[in-house]
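Student: Here's a structure for you.
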Amino acid sequence: METKPANSAQMPDQACDAHIHIYDKRFPKRAAGLEPPRFLGVPEYKLLQHKLGLKRVVVVAPGIYGTDNRATLHAIAELGEKDARGIAVVHPDVADSELDTLHAGGIRGIRFTLFNPATAVTTFDMIEPLARRVQRLGWHLQLHLLPGQIVEHAAMLKRLPGTLVFDHMLRLHGEAGSTHEALDVVAGLVARGNTWIKLSGAYLNSGKDGYSDTVATAQALIRLSPQRMVWGSDWPHPTEKGNGPDDIALLNLLTQWAPDETVRNRILVENPAELYGF
């Protein structure tokens, strides 16, 4: 008989983890200067899925593979195309045929992780041309930016066609000065109806109080538009450092961010179903 997850009562049916990475040692590392926290694949992630009672998942291509998205496509196939989607990394010279192949394999967006120029696989000048290339597929752009970058590139962000997803938005609590300006930019984009926010439990604050100072920021973001919010564990990053939370703590943290069960269920089920096409 199958064992029920210890905390399954906390998880609604069809709950989605909208941000995980798969580090599959069958595929060579492509990007210089980046190393995986550990090689952890689909079998290891399935243990977390079972423990937390998660059903759906979005596999986000990690930077170490550059624009080689095979590890992500394999992970989607192994997790099951009905319940798994993916976010790829591509360059503007990508062929239409490759984009079509990625779409057939479950890819539904492309990512730009630009908070650290030293490790970035893509650049800001690639965002607009790629936004126009993938618009025909209905893909979104996933943007991992610092508050100052959001403010600096606000005009470009407002020009972008299609759907935007601001990733790891709890980084906003960690940079003084431009945080409120960045929130204003994001709030304006959310008000247009084509922008989403992804909350992630990956980042500790600069002090040593764990995640305590993320609660107010998360709640402020949720108030902007609870119907445009998704959540991702960012597995395996949260637990790969000694001071990270354990797996169950990731969900307890979400409960603090969204104490209202109706809102929390929307973040976990309805919103990702709409954004990723489950």
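Student: In the range 94-119, which residues are over 25 Å from E81 (Cβ atoms) and either without any contact (Cβ under 8 Å) to a residue 12 or more places away in the chain or surrounded by fewer than 17 Cβ atoms within 10 Å (Cβ to Cβ) (or both)?
Tutor: Listed by number, the residues that qualify are N116, P117, A118, T119.
Student: Just checking, how many residues over the range 160-171 are open to solvent by 30 Å² or more (accessible area, probe 1.4 Å) and at pLDDT 95 or above?
Tutor: Final tally of qualifying residues: 1.
Student: Next question. Would you check which residues across the range 56-93 are free of Cβ contacts under 8 Å to residues at least 40 places away in the same chain, in a loop (DSSP other than H, G, I, E, B) and buried (at least 17 other Cβ atoms within 10 Å of the Cβ) and list them?
Tutor: N69, V89
Student: Here are some residues: D213, D246. Which one is closer than 20 Å to L183 by Cβ, open to solvent by 30 Å² or more (accessible area, probe 1.4 Å) and either at pLDDT below 75 or not charged (D, E, K, R) (or both)?
Tutor: When all the criteria are applied, what remains is D213.
Student: Write out, first by first residue and then by second, each pair whose Cβ atoms fall under 7 Å of each other, whose residues are 6+ apart or on separate chains, and whose first residue, in the range 140-151, is crowded, with 22+ Cβ neighbours inside 10 Å while the second is of a type in the set (S, T, Y) and modelled with pLDDT under 90.
Tutor: P147/S178; P147/T179
Student: Same structure again: Step by step: first the residues of the range 216-229, then only those that are open to solvent by 30 Å² or more (accessible area, probe 1.4 Å) and closer than 11 Å to W257 by Cα, then the one that is modelled with the highest pLDDT. Which residue is that?
Tutor: R223
Student: Within the range 111-137, work out how many residues are outside any helix (DSSP H, G or I), in contact with a strand residue (DSSP E or B) (Cβ under 8 Å, 6 or more places away or on another chain) and either modelled with pLDDT of 95 or more or hydrophobic (A, V, I, L, M, F, W, C) (or both).
Tutor: Total satisfying the criteria: 6.
Student: Another question, if that's okay. Does the range 174-189 contain any residue that is under 14 Å from the mean Cα position of the chain (by Cα), open to solvent by 40 Å² or more (accessible area, probe 1.4 Å), farther than 22 Å from E44 by Cβ and at pLDDT 70 or above?
Tutor: No; the residues of the range 174-189 include none that is under 14 Å from the mean Cα position of the chain (by Cα), open to solvent by 40 Å² or more (accessible area, probe 1.4 Å), farther than 22 Å from E44 by Cβ and at pLDDT 70 or above.
The values are calculated or read from the model by the stated rules, or taken from the named source; none is laboratory data. Keep in mind it's a predicted model, so treat the numbers as computed, not measured. Cβ sites come from the backbone with ideal geometry, for glycine too, and all protein chains shown count toward neighbours. Side chains are part of the model used for accessible areas, which takes the heavy atoms of the whole protein and leaves out ligands, DNA and RNA. Shrake-Rupley method; radii C 1.70, N 1.55, O 1.52, S 1.80 Å.
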